[in-house]
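The values are calculated or read from the model by the stated rules, or taken from the named source; none is laboratory data. Being a predicted model, the structure only gives us computed values, none of them experimental. Cβ placement follows ideal geometry from the backbone for every residue including glycine, while neighbour counts extend to all protein chains displayed. What goes into the accessible areas is simple: the full protein's heavy atoms, side chains included, and nothing from ligands, DNA or RNA. Shrake-Rupley method; radii C 1.70, N 1.55, O 1.52, S 1.80 Å.
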Number of protein chains: 2
Amino acid sequence: MDAQLQTPGLVRGEGLTAWRQIADALTADIAAGLYAAGQQLPTESALAARFSVNRHTVRRALAALAEGGLVRASQGRGTFVEGAPLSYPIGTRTRFSEIVSGAGREAWGDLLAAATVPAAPEQALALALTPGAPVLELHTVHRADGAPLSTALTWLPLPRFAGFGEAYAARGSITRAFAECGVPDYTRMSTRVRARPADAQEASRLDITPGRVVLVVSSVNVDPAGVPIQANRTLFAADRVELVIGG
Amino acid sequence: MDAQLQTPGLVRGEGLTAWRQIADALTADIAAGLYAAGQQLPTESALAARFSVNRHTVRRALAALAEGGLVRASQGRGTFVEGAPLSYPIGTRTRFSEIVSGAGREAWGDLLAAATVPAAPEQALALALTPGAPVLELHTVHRADGAPLSTALTWLPLPRFAGFGEAYAARGSITRAFAECGVPDYTRMSTRVRARPADAQEASRLDITPGRVVLVVSSVNVDPAGVPIQANRTLFAADRVELVIGG
DNA sequence: CACGATTTGTTCGTATGTATG
DNA sequence: TCATACATACGAACAAATCGT
């Protein structure tokens with residue numbers, strides 16, 4: 001008998017499919033701390049050997065765990081145990097990079113797309129512009145230790161922040177990009193929170209399955225003079241974060 | 001000319017695409033109150049006939065409106081105008097009854113169940129009790145104009161609030177029940193926000209279908225002396241409210 | 001429970017206008 | 001002028017969800 005892996009043979013014909021038994025066994029292993037949060041699970045081939053089943057059966061089990069948010073498969077890298085949700089404080093000085101690195105994880109933001117678009121009524125209102133005025137729209141993904149934690153659409157008024165996209169792509173941080181654009185400090189004015197299922201594009205950016213729940217946080221940042229400089233709509237994978245208010 | 005529907009023909013070749021003109025026309029109709037919140041829009045076929053375009057073109061316009069949250073399409077039922085969600089401020093002096101009546105709606109809370117239970121570790125921590133100490137657990141539903149807006153589990157330390165259940169059932173308000181129990185004022189200490197699909201019981205209490213998204217707001221209230229008096233886990237139907245932080 | 005009617009969702013194919021080089 | 005690419009628009013058929021009978 002193996003000391004670390006208790007792997008009784010699968011029971012066939014008792015009403016539990018093989019993949020379900022494998023999923024239950026892996027869930028127990030994770031709950032027992034055998035695989036820690038963030039740690040990579042054995043490869044599908046290794047698990048197939050351990051349970052003496054075809055790799056397809058292991059994949060079915062892992063898909064069930066991923067569906068429940070317990071693990072996350074990443075193509076070409078492996079399957080990883082999801083950690084406890086990150087506490088994400090919402091306040092007047094909310095900074096993604098500070099929150100994530102304060103939790104001992106490495107923060108980085110990727111710029112997916114940048115475009116000049118006419119301001120929709122919603123953004124115009126938030127930024128105190130006239131509707132249709134040109135704004136810079138950025139699509140970004142924010143990662144903690146490489147895993148996507150949130151994805152955002154942000155809008156910045158335009159002639160002022162023309163170089164923001166390049167600055168953000170180079171620095172990987174809103175705070176540092178603002179500093180490069182001559183805004184040494186900023187504070188969050190208003191924050192609104194909603195929740196809904198993710199659509200296909202949002203899900204792919206967050207590396208979750210479509211239909212999983214996302215928290216939608218809409219906020220406006222202002223510079224020290226009180227001028228709105230950034231409207232934001234950030235999506236968090238709901239089972240990876242917990243928003244903390246007034247901490 | 002039609003008295004209720006002003007439908008000038010679409011202007012082709014002037015730089016505005018057909019779907020954009022249709023989206024603008026429908027937006028104006030909704031803004032003008034022609035289609036009220038919650039009301040069903042004409043079917044895609046009917047709109048296609050009204051604007052003399054293909055159904056695809058109407059769908060493109062409706063997709064743009066849905067993107068902005070103005071309408072919601074539901075397969076097999078129709079396309080409906082979204083009502084503005086209730087803005088629910090989260091702060092140190094959050095009061096359900098004040099928020100709802102401030103929005104011009106009648107607030108009332110129903111007591112569904114009350115029981116004395118041993119404090120689970122989570123509630124014990126929040127209320128600064130030893131785990132297993134007796135607490136009063138209340139199941140409540142909170143309504144605005146009769147429609148359920150949220151449902152909550154609340155825990156109160158016991159012997160101090162032995163009469164709270166009866167007071168709440170009679171008053172329909174946490175604030176007034178506290179007043180009756182000798183706590184004239186209280187403030188909210190910490191608030192945590194998560195989101196997930198509703199289970200069957202939660203859905204039935206909120207009068208939504210199981211699987212719809214709920215916002216889970218966990219909070220702790222303290223009396224003027226700073227003593228924790230109430231731990232809370234409130235579920236909001238996510239498409240009926242918008243949490244507002246720091247307004 | 002079955003069925004049909006209604007309505008939105010999806011996928012073919014085709015044609016046209018516009019911008020680019 | 002020609003070639004190409006792309007978004008727009010139209011047409012037809014079918015799939016899927018919902019609702020009433």
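General remarks:
- Cβ pairs under 7 Å, 6+ apart, first in the range B:14-41 and more than 24 Å from B:G76 (Cβ to Cβ) and more than 14 Å from DNA strand C (Cβ to nearest atom), second open to solvent by less than 50 Å² (accessible area, probe 1.4 Å) and hydrophobic (A, V, I, L, M, F, W, C): B:Q21/B:L10; B:T27/B:L65
- Unique residue being more than 16 Å from DNA strand C (Cβ to nearest atom), more than 14 Å from every other protein chain (Cβ to nearest Cβ), in contact (Cβ under 8 Å) with a residue 12 or more places away in the chain and under 19 Å from the mean Cα position of the chain (by Cα) when the list is B:R143, B:R93: B:R143
- Here A:S74 meets each of (1) under 30 Å from A:G246 (Cα atoms); (2) out of contact with any His (no Cβ under 8 Å at 6 or more places or on another chain) with one exception, condition (1).
- Taking the criterion of being more than 9 Å from DNA strand C (Cβ to nearest atom) and either open to solvent by less than 50 Å² (accessible area, probe 1.4 Å) or among the aliphatic types (A, V, I, L, M) (or both), the residues of the range B:49-79 that qualify are B:A49, B:R50, B:F51, B:V53, B:T57, B:A61, B:A64, B:L65, B:G69, B:L70, B:V71.
- Filtered by the rule that a residue be open to solvent by less than 50 Å² (accessible area, probe 1.4 Å) and within 12 Å of DNA strand D (Cβ to nearest atom), the range B:18-35 gives B:A18, B:Q21, B:I22, B:A23.
- Restricting the search to strands (runs of 3 or more DSSP E) fully inside the range B:147-247 and requiring at least 3 residues that are within 14 Å of chain A (Cβ to nearest Cβ) and of a type in the set (D, E, K, R) gives B:187-197.
- Matching helices (runs of 4 or more DSSP H) fully within the range B:50-143 where at least 1 residues are in the same structural domain as B:A179 (by the TED database) and within 23 Å of B:G163 (Cβ to Cβ): B:96-102, B:121-127
- Selection of the range A:32-49 for residues being part of a helix (DSSP H, G or I) and farther than 14 Å from A:F80 by Cα yields A:S45, A:A46, A:A48, A:A49.
- Only residues that are in contact with a helix residue (DSSP H, G or I) (Cβ under 8 Å, 6 or more places away or on another chain), within 12 Å of DNA strand D (Cβ to nearest atom) and either modelled with pLDDT under 90 or among the hydrophobic types (A, V, I, L, M, F, W, C) (or both) were counted across the range B:48-69, and they come to 6.
- When the range B:146-169 is filtered for residues that are without any contact (Cβ under 8 Å) to a residue 60 or more places away in the chain and open to solvent by less than 20 Å² (accessible area, probe 1.4 Å), the ones remaining, listed by number, are B:F164, B:G165, B:A167, B:Y168.
- Residues in the range B:105-136 that are open to solvent by 50 Å² or more (accessible area, probe 1.4 Å) and within 15 Å of the chain's Cα centre (by Cα): B:R105, B:E106, B:W108.
- Near pairs, Cβ below 7 angstrom, 6+ apart or cross-chain, from the range B:55-77 (more than 14 Å from B:A25 (Cα to Cα) and within 14 Å of chain A (Cβ to nearest Cβ)) to any residue that is within 13 Å of DNA strand D (Cβ to nearest atom) and open to solvent by 100 Å² or more (accessible area, probe 1.4 Å): B:A66/B:R72
- Listed conditions (1) more than 18 Å from B:L156 (Cβ to Cβ); (2) open to solvent by less than 40 Å² (accessible area, probe 1.4 Å); (3) in contact with a strand residue (DSSP E or B) (Cβ under 9 Å, 6 or more places away or on another chain) are all met by B:E82, apart from (2).
- Among residues that are open to solvent by 40 Å² or more (accessible area, probe 1.4 Å) and at pLDDT below 85, B:G38 is included.
- Index of the failed condition, B:S87 passing every other in (1) within 21 Å of A:A124 (Cα to Cα); (2) within 12 Å of DNA strand C (Cβ to nearest atom); (3) surrounded by fewer than 17 Cβ atoms within 10 Å (Cβ to Cβ): (2)
- Every condition in (1) under 20 Å from B:A128 (Cβ atoms); (2) in contact with a Gly (Cβ under 9 Å, 6 or more places away or on another chain) is met by B:V222 except one, and the failing one is (2).
- A:D110 in contact with a Ser or Thr (Cβ under 7 Å, 6 or more places away or on another chain) and away from every other protein chain (no Cβ under 14 Å): yes
- Evaluation of A:V183 against the conditions (1) open to solvent by less than 10 Å² (accessible area, probe 1.4 Å); (2) within 13 Å of A:T234 (Cα to Cα) shows that the sole unmet condition is (2).
- Residue count for the range A:88-141 satisfying the condition of being of a type in the set (S, T, Y) and within 23 Å of A:L206 (Cβ to Cβ): 5.
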